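Here's the structure, in structure tokens; my notes come after.
The values are calculated or read from the model by the stated rules, or taken from the named source; none is laboratory data. What you see is a predicted model, and the numbers here were worked out from it, not measured in a lab. Reconstructed Cβ throughout: ideal geometry from the backbone, glycine too, with neighbour counts over all protein chains shown. For accessibility, only protein heavy atoms count, side chains too; no ligands or nucleic acids. Shrake-Rupley method; radii C 1.70, N 1.55, O 1.52, S 1.80 Å.
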Amino acid sequence: MAVAMCRALKVLCVASDRESLMQLKNAAVSAEWELAPGATNEADAIGQIDTERPHILVAFGPYERLVALVSERFPGMRVIADRDTTGAAEVATSLAEVRGLLKGSPRPGGPVR
């Protein structure tokens, strides 16, 4: 007999360097969702998308190509960016806005077996 469990919302943060990534993760952290390890370049971000399967990408920095690629390859993934970028669902003009935008995210649907 399979046991159904609720899936936690998973968030992947991407920033241009380690310090910026830590600041972004601190701005995004909440008991309501899980944070993926995070990335500081496009290749690592794509790798974590493949392994971690996040529901939301939060990209702060020059990641226009990553955001466009994610919106094309993973149309169900919500993208929050720090600038108006093709593929971003929402723009956070500061770190202080990140958690509020994440709070408005729908929970992932369906049971996990």
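Contact list please: Cβ distance under 8 Å, first residue in the range 42-53 and free of Cβ contacts under 8 Å to residues at least 40 places away in the same chain, second residue loosely packed, with under 14 Cβ neighbours inside 10 Å, pairs at least six apart or on different chains.
Once the first residue is free of Cβ contacts under 8 Å to residues at least 40 places away in the same chain and sits in the range 42-53, its partners that are loosely packed, with under 14 Cβ neighbours inside 10 Å give Glu42/Arg65; Gln48/Pro37.
Take the range 45-60 and flag every residue that is in contact with a Ser or Thr (Cβ under 7 Å, 6 or more places away or on another chain) and either open to solvent by less than 10 Å² (accessible area, probe 1.4 Å) or of a type in the set (Asp, Glu) (or both).
Hit for the range 45-60 is Ile56, nothing else.
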